[in-house]
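Trainee: To start, I am sharing the structure in question, which I have written as structure tokens.
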Amino acid sequence: MTTNPLRNHANRCNALKSTGPRSVAGKRASSQNSRKHGLNSPLDFESSSEFQTLVNLIAEEGFSACVCADIAAALLNYRRVMDAYYETYISPEPVDEFMHDMDVTASTPIFKELLSSSGSKRQDVRKMATFFAHMQRQERRKGGLVSRRSADTHKLIRYQRNGIARLSRAVRHG
Amino acid sequence: MPVEDKSKSLLPFLSSPKLLPDESEAEFQLGLQSLLSELDNPSPLAVALISQLNESLWWIKRHTKDKELLLHEAMARLLSKGGSYIERYNNREVSAALEHYLDGRADEDEAALIDVILAESKLTLSDLRVRAFKDAAKHIKLVDDLIHRQHQTMRHLQRSIDSVDYKSRLIKRMDLELAALESKQSVQGALTLDDKSS
């Protein structure tokens with residue numbers, strides 16, 4: 001828990017050695033690290049077989065070829081949003097059961113024992129307990145599984161709104 | 001093509017229904033078929049839109065269930081504190097007991113546990129519900145937003161279905177009028193030919 005200038009310097013030097021991925025495949029993989037649902041990346045629906053089949057089905061209703069393409073693309077786009085919505089709903093951020101349920105006050109002797117080998121002071125034990133209490137508060141604030149999945153799916157509302165507006169516009173103005 | 005076949009032929013392109021393990025596919029399909037039966041010979045596009053509408057209805061059901069679960073979660077959290085600041089009872093144990101208690105299938109031990117904690121906390125079940133609602137208000141608001149969004153989506157879909165249905169009826173009517181005009185013209189043509197020959 002104590003800050004050591006030498007240790008800090010060594011950490012900085014080591015960090016400079018990390019230059020990230022070097023191969024093309026590695027760079028491609030790491031470019032997707034921050035990807036969450038992929039709804040911001042544009043998709044080329046027109047080259048898919050589903051698109052052509054949908055266009056043919058919609059064309060039976062007397063829409064022009066251009067409108068058919070618009071409707072099919074809007075429908076596939078809306079499906080993409082709803083599929084991401086479902087995936088987000090079924091895989092929320094997991095609850096850290098240990099952190100959620102631990103009794104921080106009762107764990108002080110364990111912290112003491114853990115820190116005793118490194119010759120730490122009473123102050124460090126208190127700092128560790130405060131840190132764990134803070135982590136626990138954060139974990140509990142997020143709520144249970146249901147709260148988490150609601151919060152996660154809530155982030156996709158705007159994609160859903162745009163998707164359905166596009167579909168509705170394509171159908172009604174066609 | 002019958003309505004069922006139309007919906008089946010479209011579903012692979014619009015992804016098959018994605019259900020949770022405890023949900024019934026038969027119930028989902030029943031909802032879809034009942035919506036489809038509202039329209040007289042729906043077009044493929046109408047079928048596609050109706051299947052999206054059915055999915056929105058399904059999401060509303062899921063989110064409404066979640067709202068109740070959130071309330072139970074908050075009630076269990078309050079109960080596990082037993083009126084004090086820190087947790088005095090095992091949250092999971094209390095949560096399970098409360099769920100059974102509210103469903104009316106709690107055994108004697110579970111009912112006794114809930115009654116004891118309620119007495120300790122000096123709360124009735126309705127007080128507990130009100131307090132839990134207050135605690136979980138932030139999360140419940142999120143679920144309300146999700147439900148509202150599904151309602152808006154349904155409104156968009158409804159308007160689109162109306163537009164498709166109106167368009168197909170208009171085309172049918174114009175076809176009939178055109179056919180009537182053509183037959184009238186052919187009759188008139190035959191009459192003028194008769195006049196000329198006489």
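Trainee: Out of everything in segment A:96-108 that is within 11 Å of chain B (Cβ to nearest Cβ), over 25 Å from A:ALA151 (Cα atoms) and not charged (D, E, K, R), what residue ends up being surrounded by the most Cβ atoms within 10 Å (Cβ to Cβ)?
Mentor: The extreme case among them is A:VAL104.
Trainee: So, one more: Going through segment A:1-57 one residue at a time, which ones are surrounded by 10 or more Cβ atoms within 10 Å (Cβ to Cβ), under 30 Å from A:ALA129 (Cα atoms) and under 30 Å from the mean Cα position of the chain (by Cα)?
Mentor: A:ASN11, the sole residue that qualifies.
Trainee: Among the residues of segment A:130-150, write down those that are part of a helix (DSSP H, G or I), surrounded by 18 or more Cβ atoms within 10 Å (Cβ to Cβ) and facing chain B (nearest Cβ under 9 Å).
Mentor: A:VAL146, A:SER147, A:ARG149, A:SER150
Trainee: On the basis of being modelled with pLDDT of 85 or more, more than 20 Å from the chain's Cα centre (by Cα) and within 30 Å of B:ASP135 (Cα to Cα), does B:ALA96 make the cut?
Mentor: no
Matching residues to (1) at pLDDT 90 or above; (2) charged (D, E, K, R):
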| site | (1), (2) |
| --- | --- |
| A:ARG79 | yes, yes |
| A:TYR89 | yes, no |
| A:GLU97 | no, yes |
| A:VAL104 | no, no |
| A:SER117 | no, no |
| A:ARG148 | yes, yes |
| A:LYS155 | yes, yes |
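Trainee: Somewhere in segment A:82-95, is a residue among the hydroxyl-bearing types (Ser, Thr, Tyr) and surrounded by fewer than 15 Cβ atoms within 10 Å (Cβ to Cβ)?
Mentor: Checking segment A:82-95: at least one residue is among the hydroxyl-bearing types (Ser, Thr, Tyr) and surrounded by fewer than 15 Cβ atoms within 10 Å (Cβ to Cβ).
Trainee: I've got another one for you. Against the definition (of a type in the set (Lys, Arg), in contact (Cβ under 8 Å) with a residue 12 or more places away in the chain and within 11 Å of chain B (Cβ to nearest Cβ)), how does A:LYS127 come out, yes or no?
Mentor: no
Trainee: Please work out which residue is surrounded by the most Cβ atoms within 10 Å (Cβ to Cβ), limiting yourself to segment A:151-173 and to residues that are assigned to a loop (DSSP other than H, G, I, E, B) and within 20 Å of the chain's Cα centre (by Cα).
Mentor: If we take residues in segment A:151-173 being assigned to a loop (DSSP other than H, G, I, E, B) and within 20 Å of the chain's Cα centre (by Cα), then A:LEU156 is surrounded by the most Cβ atoms within 10 Å (Cβ to Cβ).
Trainee: Here is a further query. Would you point out which residue out of B:GLU110, B:GLU182 is of a type outside the set (A, V, I, L, M, F, W, C), on the phi < 0 side of the Ramachandran plot, surrounded by 15 or more Cβ atoms within 10 Å (Cβ to Cβ) and over 29 Å from the mean Cα position of the chain (by Cα)?
Mentor: Working: B:GLU182 fails: surrounded by 15 or more Cβ atoms within 10 Å (Cβ to Cβ).
Being of a type outside the set (A, V, I, L, M, F, W, C), on the phi < 0 side of the Ramachandran plot, surrounded by 15 or more Cβ atoms within 10 Å (Cβ to Cβ) and over 29 Å from the mean Cα position of the chain (by Cα) holds for just one of B:GLU110, B:GLU182, which is B:GLU110.
Trainee: Mind checking which pairs have a first residue in segment A:147-173 that is touching a residue at least 60 places away in the same chain (Cβ under 8 Å) and a second that is of a type in the set (Phe, Trp, Tyr), Cβ under 7 Å, 6 or more apart or different chains?
Mentor: Here the result reads A:ARG149/A:TYR89; A:THR153/A:TYR85; A:THR153/A:TYR89; A:LEU156/A:TYR85; A:GLN160/A:TYR85; A:GLY163/A:TYR78; A:ILE164/A:TYR78; A:LEU167/A:TYR78, each pair linking segment A:147-173 to a residue that is of a type in the set (Phe, Trp, Tyr).
Trainee: Hey, another quick one. Could you pull out the residue among B:PRO21, B:PRO42 that is out of contact with any strand residue (DSSP E or B) (no Cβ under 7 Å at 6 or more places or on another chain) and under 26 Å from A:ARG169 (Cβ atoms)?
Mentor: B:PRO42
Trainee: Something else about it: Scan B:LEU176, B:LEU123 and give me the residue that is modelled with pLDDT under 90 and surrounded by 12 or more Cβ atoms within 10 Å (Cβ to Cβ).
Mentor: B:LEU123
The values are calculated or read from the model by the stated rules, or taken from the named source; none is laboratory data. Keep in mind it's a predicted model, so treat the numbers as computed, not measured. Note: ideal-geometry Cβ built from the backbone for every residue, glycine included; neighbour counts use all protein chains shown.
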